[in-house]
Amino acid sequence: AKNAGRNHYQFYRKDFTAAIQDRLNMEINLRNAIAKNELQLYFQPQYRAKDRVLCGAEVLIRWFHQVDGQIKMVPPNHFIPVAEESGLIVDIGRWILRTACKQLKTWQQEGIPLPQVSVNISARQFSDPDFLEMVENALGDSELAPEHLELEITESMLVGDIKRIELQLKRLKKMGIHLALDDFGTGYSSLSYLKNFPIDVLKIDQSFIREMTNDSRDANIVRAIIEMGHSLGQKIIAEGVETEKQLGYLVGRECDIIQGYFFSPPLPGHKMTDLLCSERKN
Ligand code: C2E
Ligand code: CA
Ligand code: CA
Ligand code: CA
(Lines give C-alpha, C1' and ligand atoms only; values in the text may rest on other atoms or scores of the structure.)
(Ligands and ions follow the chains in the order given, each with its own letter.)
Protein backbone atom coordinates (compact mmCIF):
# COMPACT_ATOMS: atom_id res chain seq x y z
CA ALA A 1 0.00 0.00 0.00
CA LYS A 2 2.90 2.27 0.86
CA ASN A 3 4.54 1.59 -2.50
CA ALA A 4 1.34 2.18 -4.36
CA GLY A 5 1.03 5.50 -2.58
CA ARG A 6 4.50 6.55 -3.61
CA ASN A 7 3.92 5.49 -7.21
CA HIS A 8 0.75 7.40 -7.22
CA TYR A 9 2.57 10.44 -5.91
CA GLN A 10 5.32 10.18 -8.51
CA PHE A 11 2.79 9.72 -11.21
CA TYR A 12 0.96 12.77 -10.00
CA ARG A 13 4.14 14.82 -9.82
CA LYS A 14 5.08 13.87 -13.36
CA ASP A 15 1.65 14.86 -14.58
CA PHE A 16 1.86 18.06 -12.67
CA THR A 17 5.27 18.98 -14.13
CA ALA A 18 4.02 18.24 -17.63
CA ALA A 19 0.99 20.42 -17.04
CA ILE A 20 3.17 23.33 -15.91
CA GLN A 21 5.41 22.86 -18.95
CA ASP A 22 2.37 22.84 -21.25
CA ARG A 23 1.13 26.02 -19.73
CA LEU A 24 4.49 27.75 -20.05
CA ASN A 25 4.74 26.67 -23.68
CA MET A 26 1.28 27.96 -24.38
CA GLU A 27 2.16 31.30 -22.83
CA ILE A 28 5.30 31.60 -24.97
CA ASN A 29 3.41 30.65 -28.15
CA LEU A 30 0.54 32.95 -27.34
CA ARG A 31 2.98 35.84 -26.95
CA ASN A 32 3.86 35.43 -30.65
CA ALA A 33 0.38 34.65 -31.92
CA ILE A 34 -0.55 38.20 -32.91
CA ALA A 35 2.71 38.87 -34.74
CA LYS A 36 2.45 35.52 -36.53
CA ASN A 37 -1.10 36.28 -37.66
CA GLU A 38 -2.45 33.23 -35.88
CA LEU A 39 -5.41 34.94 -34.25
CA GLN A 40 -8.62 35.34 -36.20
CA LEU A 41 -11.95 36.90 -35.43
CA TYR A 42 -15.07 34.81 -35.94
CA PHE A 43 -18.53 36.38 -36.00
CA GLN A 44 -21.69 34.73 -34.74
CA PRO A 45 -24.83 36.37 -36.15
CA GLN A 46 -27.59 37.56 -33.83
CA TYR A 47 -31.18 37.79 -35.02
CA ARG A 48 -34.14 39.78 -33.83
CA ALA A 49 -36.55 37.17 -32.44
CA LYS A 50 -39.82 38.63 -33.73
CA ASP A 51 -38.90 38.91 -37.43
CA ARG A 52 -35.57 37.07 -37.72
CA VAL A 53 -33.77 40.15 -39.02
CA LEU A 54 -29.98 40.10 -38.60
CA CYS A 55 -29.22 42.70 -35.94
CA GLY A 56 -25.63 42.12 -34.84
CA ALA A 57 -22.81 39.66 -34.30
CA GLU A 58 -20.72 38.50 -31.37
CA VAL A 59 -16.99 38.48 -31.99
CA LEU A 60 -15.34 35.22 -30.91
CA ILE A 61 -11.59 34.74 -31.10
CA ARG A 62 -9.90 31.70 -32.66
CA TRP A 63 -6.24 30.75 -32.41
CA PHE A 64 -4.87 28.79 -35.37
CA HIS A 65 -1.58 27.69 -33.88
CA GLN A 66 1.05 26.56 -36.33
CA VAL A 67 3.34 23.80 -35.01
CA ASP A 68 5.73 21.82 -37.23
CA GLY A 69 3.86 22.77 -40.38
CA GLN A 70 0.53 21.73 -38.90
CA ILE A 71 -2.25 24.04 -37.89
CA LYS A 72 -4.11 23.26 -34.73
CA MET A 73 -7.13 25.24 -33.56
CA VAL A 74 -6.87 26.08 -29.87
CA PRO A 75 -10.31 26.88 -28.41
CA PRO A 76 -10.66 30.16 -26.51
CA ASN A 77 -11.63 28.30 -23.33
CA HIS A 78 -8.07 26.91 -23.31
CA PHE A 79 -6.03 30.01 -24.04
CA ILE A 80 -8.10 32.94 -22.75
CA PRO A 81 -7.53 31.87 -19.10
CA VAL A 82 -3.76 31.67 -19.80
CA ALA A 83 -3.88 35.05 -21.50
CA GLU A 84 -5.70 36.42 -18.46
CA GLU A 85 -3.31 35.05 -15.85
CA SER A 86 -0.22 36.16 -17.74
CA GLY A 87 -1.62 39.61 -18.50
CA LEU A 88 -1.29 38.97 -22.26
CA ILE A 89 -5.04 39.52 -22.54
CA VAL A 90 -4.45 43.28 -22.39
CA ASP A 91 -2.53 43.21 -25.71
CA ILE A 92 -4.65 40.48 -27.26
CA GLY A 93 -7.88 42.15 -26.16
CA ARG A 94 -6.73 45.46 -27.63
CA TRP A 95 -5.99 43.74 -30.93
CA ILE A 96 -9.42 42.03 -30.90
CA LEU A 97 -11.30 45.26 -30.24
CA ARG A 98 -9.36 47.26 -32.82
CA THR A 99 -9.73 44.54 -35.46
CA ALA A 100 -13.47 44.18 -34.76
CA CYS A 101 -14.06 47.95 -35.07
CA LYS A 102 -12.08 48.12 -38.31
CA GLN A 103 -13.91 45.13 -39.79
CA LEU A 104 -17.33 46.59 -39.04
CA LYS A 105 -16.26 49.95 -40.48
CA THR A 106 -15.08 48.15 -43.65
CA TRP A 107 -18.45 46.38 -44.03
CA GLN A 108 -20.22 49.72 -43.60
CA GLN A 109 -18.03 51.33 -46.26
CA GLU A 110 -18.68 48.42 -48.61
CA GLY A 111 -22.41 49.00 -48.25
CA ILE A 112 -23.07 45.73 -46.44
CA PRO A 113 -23.62 47.13 -42.98
CA LEU A 114 -24.15 45.13 -39.82
CA PRO A 115 -25.92 47.12 -37.07
CA GLN A 116 -23.38 46.24 -34.39
CA VAL A 117 -20.58 44.02 -33.17
CA SER A 118 -20.40 42.72 -29.64
CA VAL A 119 -16.93 42.18 -28.16
CA ASN A 120 -16.09 40.09 -25.09
CA ILE A 121 -14.08 41.91 -22.45
CA SER A 122 -12.14 39.98 -19.82
CA ALA A 123 -11.83 41.00 -16.16
CA ARG A 124 -8.13 41.79 -16.42
CA GLN A 125 -8.75 44.08 -19.41
CA PHE A 126 -11.63 45.84 -17.73
CA SER A 127 -9.58 46.65 -14.62
CA ASP A 128 -6.60 47.87 -16.65
CA PRO A 129 -6.06 51.58 -15.87
CA ASP A 130 -5.85 52.41 -19.60
CA PHE A 131 -9.02 50.53 -20.57
CA LEU A 132 -11.19 53.57 -21.38
CA GLU A 133 -8.45 55.20 -23.38
CA MET A 134 -7.90 51.94 -25.27
CA VAL A 135 -11.62 51.79 -26.20
CA GLU A 136 -11.62 55.45 -27.27
CA ASN A 137 -8.59 54.87 -29.47
CA ALA A 138 -10.11 51.77 -31.08
CA LEU A 139 -13.21 53.77 -32.00
CA GLY A 140 -11.28 56.88 -33.00
CA ASP A 141 -8.74 55.10 -35.19
CA SER A 142 -11.37 52.99 -36.97
CA GLU A 143 -13.80 55.92 -37.22
CA LEU A 144 -16.56 53.58 -36.11
CA ALA A 145 -19.50 55.35 -34.44
CA PRO A 146 -19.79 54.13 -30.82
CA GLU A 147 -23.45 53.10 -31.12
CA HIS A 148 -22.30 50.22 -33.35
CA LEU A 149 -20.19 48.74 -30.57
CA GLU A 150 -21.36 46.60 -27.68
CA LEU A 151 -19.07 45.32 -24.94
CA GLU A 152 -19.85 42.07 -23.12
CA ILE A 153 -18.87 41.98 -19.49
CA THR A 154 -19.67 39.37 -16.84
CA GLU A 155 -21.18 39.55 -13.38
CA SER A 156 -17.84 38.57 -11.82
CA MET A 157 -16.43 41.90 -13.04
CA LEU A 158 -19.03 43.85 -11.07
CA VAL A 159 -17.66 43.01 -7.64
CA GLY A 160 -14.93 44.88 -5.78
CA ASP A 161 -14.52 48.64 -6.01
CA ILE A 162 -18.18 49.38 -6.84
CA LYS A 163 -17.66 53.14 -7.18
CA ARG A 164 -14.85 52.72 -9.67
CA ILE A 165 -16.78 50.13 -11.67
CA GLU A 166 -19.89 52.30 -11.74
CA LEU A 167 -17.88 55.29 -12.93
CA GLN A 168 -16.18 53.26 -15.65
CA LEU A 169 -19.50 51.83 -16.92
CA LYS A 170 -21.08 55.28 -16.91
CA ARG A 171 -18.19 56.67 -18.93
CA LEU A 172 -18.56 53.90 -21.50
CA LYS A 173 -22.29 54.62 -21.68
CA LYS A 174 -21.59 58.31 -22.09
CA MET A 175 -19.36 57.51 -25.04
CA GLY A 176 -22.43 55.90 -26.64
CA ILE A 177 -21.34 52.26 -26.35
CA HIS A 178 -23.84 49.52 -25.46
CA LEU A 179 -23.18 47.24 -22.51
CA ALA A 180 -24.26 43.61 -22.25
CA LEU A 181 -24.06 41.36 -19.23
CA ASP A 182 -22.82 37.97 -20.45
CA ASP A 183 -23.53 34.54 -18.93
CA PHE A 184 -26.31 36.14 -16.92
CA GLY A 185 -27.57 34.03 -14.04
CA THR A 186 -24.37 32.04 -13.48
CA GLY A 187 -22.44 34.54 -11.35
CA TYR A 188 -22.51 35.12 -7.63
CA SER A 189 -23.06 38.85 -7.43
CA SER A 190 -26.25 40.36 -6.06
CA LEU A 191 -28.99 41.65 -8.33
CA SER A 192 -28.77 45.13 -6.85
CA TYR A 193 -26.14 46.10 -9.41
CA LEU A 194 -28.82 45.93 -12.10
CA LYS A 195 -30.32 48.98 -10.45
CA ASN A 196 -27.10 51.00 -10.33
CA PHE A 197 -25.13 49.91 -13.36
CA PRO A 198 -26.14 51.10 -16.85
CA ILE A 199 -26.57 47.66 -18.44
CA ASP A 200 -28.50 47.66 -21.75
CA VAL A 201 -28.69 43.95 -22.45
CA LEU A 202 -28.84 40.69 -20.48
CA LYS A 203 -27.47 37.58 -22.15
CA ILE A 204 -29.13 34.51 -20.71
CA ASP A 205 -26.48 31.86 -20.25
CA GLN A 206 -26.72 28.90 -22.58
CA SER A 207 -26.89 26.42 -19.68
CA PHE A 208 -30.46 27.62 -19.04
CA ILE A 209 -31.37 27.48 -22.73
CA ARG A 210 -29.98 23.94 -23.09
CA GLU A 211 -32.31 22.47 -20.47
CA MET A 212 -35.21 24.84 -21.00
CA THR A 213 -37.35 22.49 -23.10
CA ASN A 214 -36.78 19.49 -20.77
CA ASP A 215 -36.73 21.08 -17.35
CA SER A 216 -39.53 23.40 -16.28
CA ARG A 217 -37.27 25.01 -13.67
CA ASP A 218 -34.93 26.26 -16.41
CA ALA A 219 -37.91 27.41 -18.46
CA ASN A 220 -39.18 29.35 -15.44
CA ILE A 221 -35.78 30.95 -14.85
CA VAL A 222 -35.60 32.01 -18.49
CA ARG A 223 -39.09 33.51 -18.32
CA ALA A 224 -38.26 35.32 -15.08
CA ILE A 225 -35.03 36.79 -16.48
CA ILE A 226 -36.87 38.09 -19.55
CA GLU A 227 -39.61 39.69 -17.45
CA MET A 228 -37.18 41.20 -14.96
CA GLY A 229 -34.92 42.57 -17.69
CA HIS A 230 -37.83 44.08 -19.58
CA SER A 231 -39.21 45.70 -16.44
CA LEU A 232 -35.79 47.35 -16.00
CA GLY A 233 -35.77 48.52 -19.62
CA GLN A 234 -33.20 45.99 -20.79
CA LYS A 235 -33.12 43.86 -23.92
CA ILE A 236 -32.67 40.13 -23.61
CA ILE A 237 -30.44 37.90 -25.74
CA ALA A 238 -30.66 34.12 -25.56
CA GLU A 239 -27.44 32.37 -26.56
CA GLY A 240 -26.87 28.73 -27.42
CA VAL A 241 -30.23 28.43 -29.17
CA GLU A 242 -30.03 25.21 -31.19
CA THR A 243 -33.58 24.03 -31.84
CA GLU A 244 -36.87 25.25 -33.27
CA LYS A 245 -38.51 24.31 -29.98
CA GLN A 246 -36.17 26.52 -27.95
CA LEU A 247 -36.71 29.35 -30.42
CA GLY A 248 -40.49 28.93 -30.18
CA TYR A 249 -40.45 29.14 -26.41
CA LEU A 250 -38.23 32.24 -26.46
CA VAL A 251 -40.32 34.02 -29.09
CA GLY A 252 -43.44 33.23 -27.05
CA ARG A 253 -41.83 34.83 -23.97
CA GLU A 254 -40.84 37.90 -26.00
CA CYS A 255 -37.11 37.37 -25.83
CA ASP A 256 -35.58 40.10 -28.03
CA ILE A 257 -32.53 38.57 -29.71
CA ILE A 258 -31.46 35.04 -30.60
CA GLN A 259 -27.94 33.68 -31.07
CA GLY A 260 -26.97 30.06 -31.58
CA TYR A 261 -26.37 27.16 -33.94
CA PHE A 262 -30.06 27.17 -34.93
CA PHE A 263 -29.28 30.25 -37.02
CA SER A 264 -25.52 29.99 -37.47
CA PRO A 265 -22.25 28.92 -35.84
CA PRO A 266 -19.53 31.57 -35.47
CA LEU A 267 -18.22 32.37 -38.99
CA PRO A 268 -14.82 33.53 -40.27
CA GLY A 269 -14.82 37.07 -41.70
CA HIS A 270 -15.24 36.09 -45.38
CA LYS A 271 -18.22 33.83 -44.58
CA MET A 272 -19.76 36.64 -42.54
CA THR A 273 -19.29 38.92 -45.56
CA ASP A 274 -21.14 36.37 -47.73
CA LEU A 275 -23.95 36.20 -45.18
CA LEU A 276 -24.25 40.00 -45.05
CA CYS A 277 -24.41 40.16 -48.85
CA SER A 278 -27.16 37.53 -49.03
CA GLU A 279 -29.15 39.20 -46.24
CA ARG A 280 -29.00 42.48 -48.14
CA LYS A 281 -30.62 40.88 -51.19
CA ASN A 282 -33.54 39.56 -49.13
P1 C2E B 1 -19.13 33.12 -24.40
O2 C2E B 1 -18.82 34.58 -24.46
O3 C2E B 1 -20.21 32.71 -23.46
O4 C2E B 1 -19.42 32.68 -25.89
C5 C2E B 1 -20.42 31.77 -26.25
C6 C2E B 1 -19.83 30.44 -26.66
O7 C2E B 1 -20.91 29.57 -27.07
C8 C2E B 1 -18.90 30.49 -27.86
O9 C2E B 1 -17.88 29.53 -27.64
C10 C2E B 1 -19.79 30.06 -29.02
O11 C2E B 1 -19.07 29.53 -30.12
C12 C2E B 1 -20.63 29.01 -28.35
N13 C2E B 1 -21.91 28.80 -29.00
C14 C2E B 1 -22.60 29.65 -29.79
N15 C2E B 1 -23.77 29.13 -30.19
C16 C2E B 1 -23.86 27.92 -29.61
C17 C2E B 1 -24.87 26.87 -29.64
O18 C2E B 1 -25.91 26.99 -30.24
N19 C2E B 1 -24.58 25.76 -28.90
C20 C2E B 1 -23.43 25.60 -28.19
N21 C2E B 1 -23.25 24.48 -27.51
N22 C2E B 1 -22.46 26.56 -28.15
C23 C2E B 1 -22.69 27.70 -28.86
P24 C2E B 1 -16.36 29.86 -27.97
O25 C2E B 1 -16.27 30.67 -29.22
O26 C2E B 1 -15.61 28.57 -27.91
O27 C2E B 1 -15.93 30.79 -26.78
C28 C2E B 1 -15.87 30.31 -25.47
C29 C2E B 1 -15.61 31.41 -24.48
O30 C2E B 1 -14.32 31.99 -24.68
C31 C2E B 1 -16.60 32.59 -24.62
O32 C2E B 1 -17.82 32.28 -23.98
C33 C2E B 1 -15.81 33.69 -23.95
O34 C2E B 1 -15.93 33.59 -22.55
C35 C2E B 1 -14.39 33.36 -24.36
N36 C2E B 1 -14.03 34.19 -25.53
C37 C2E B 1 -14.24 33.93 -26.84
N38 C2E B 1 -13.79 34.94 -27.61
C39 C2E B 1 -13.30 35.86 -26.76
C40 C2E B 1 -12.70 37.16 -26.93
O41 C2E B 1 -12.56 37.70 -28.05
N42 C2E B 1 -12.29 37.82 -25.79
C43 C2E B 1 -12.47 37.28 -24.55
N44 C2E B 1 -12.05 38.00 -23.47
N45 C2E B 1 -13.04 36.10 -24.35
C46 C2E B 1 -13.46 35.39 -25.44
CA1 CA C 1 -19.92 36.44 -24.79
CA1 CA D 1 -22.04 33.83 -22.84
CA1 CA E 1 -19.76 31.40 -21.34
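The values are calculated or read from the model by the stated rules, or taken from the named source; none is laboratory data. Just so it is clear, the model here is predicted, and its values are computed rather than measured. Quick reminder, even Gly has a Cβ in these numbers, built from the backbone with ideal geometry, and neighbours come from all protein chains shown.
Data for the structure
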| quantity | calculated |
| --- | --- |
| Flag for Ala19 being under 24 Å from Pro266 (Cβ atoms), at pLDDT below 95 and surrounded by fewer than 11 Cβ atoms within 10 Å (Cβ to Cβ) | no |
| For Ile71: the one exception among (1) outside any loop (DSSP other than H, G, I, E, B); (2) hydrophobic (A, V, I, L, M, F, W, C); (3) more than 17 Å from the chain's Cα centre (by Cα); (4) over 23 Å from Asn32 (Cβ atoms) | (4) |
| Leading residue by the ranking (surrounded by the fewest Cβ atoms within 10 Å (Cβ to Cβ)) among those in the range 58-97 that are closer than 30 Å to Ile236 by Cβ and either acidic (Asp, Glu) or touching a Ser or Thr at 6+ places or on another chain (Cβ under 7 Å) (or both) | Glu84 |
| Selection count, the range 85-117, where residues are more than 14 Å from ligand 2 (Cβ to nearest atom), part of a helix (DSSP H, G or I) and either at pLDDT 95 or above or within 11 Å of Leu60 (Cα to Cα) (or both) | 17 |
| Tally of residues being of a type in the set (Gly, Ala, Ser) and in contact with a Phe, Trp or Tyr (Cβ under 8 Å, 6 or more places away or on another chain) across the range 31-54 | 1 |
| The range 35-57, residues that are among the hydrophobic types (A, V, I, L, M, F, W, C) and surrounded by 17 or more Cβ atoms within 10 Å (Cβ to Cβ) | Leu39, Leu41, Phe43, Ala49, Leu54, Cys55, Ala57 |
| Residue within the range 259-272 that is at negative phi and at pLDDT below 95 present | no |
| Candidate set: the range 118-132, residues that are assigned to a loop (DSSP other than H, G, I, E, B) and small (Gly, Ala, Ser); chosen: the one nearest to ligand 1 (Cβ to nearest atom) | Ser122 |
| Complete set of residues in the range 98-119 that are surrounded by fewer than 21 Cβ atoms within 10 Å (Cβ to Cβ) and either over 19 Å from Leu275 (Cβ atoms) or of a type in the set (Ser, Thr, Tyr) (or both) | Arg98, Thr99, Thr106 |
| Filtered residue count, the range 188-237, keeping only those that are among the basic types (Lys, Arg) and either on the phi > 0 side of the Ramachandran plot or more than 16 Å from ligand 4 (Cβ to nearest atom) (or both) | 4 |
| Those helices (runs of 4 or more DSSP H) lying entirely in the range 133-227 with at least 3 residues surrounded by 15 or more Cβ atoms within 10 Å (Cβ to Cβ) and away from ligand 1 (no atom under 16 Å from the Cβ) | 162-175 |
| The range 248-270: number of residues that are touching a residue at least 40 places away in the same chain (Cβ under 8 Å) and either in a loop (DSSP other than H, G, I, E, B) or closer than 15 Å to Leu54 by Cα (or both) | 12 |
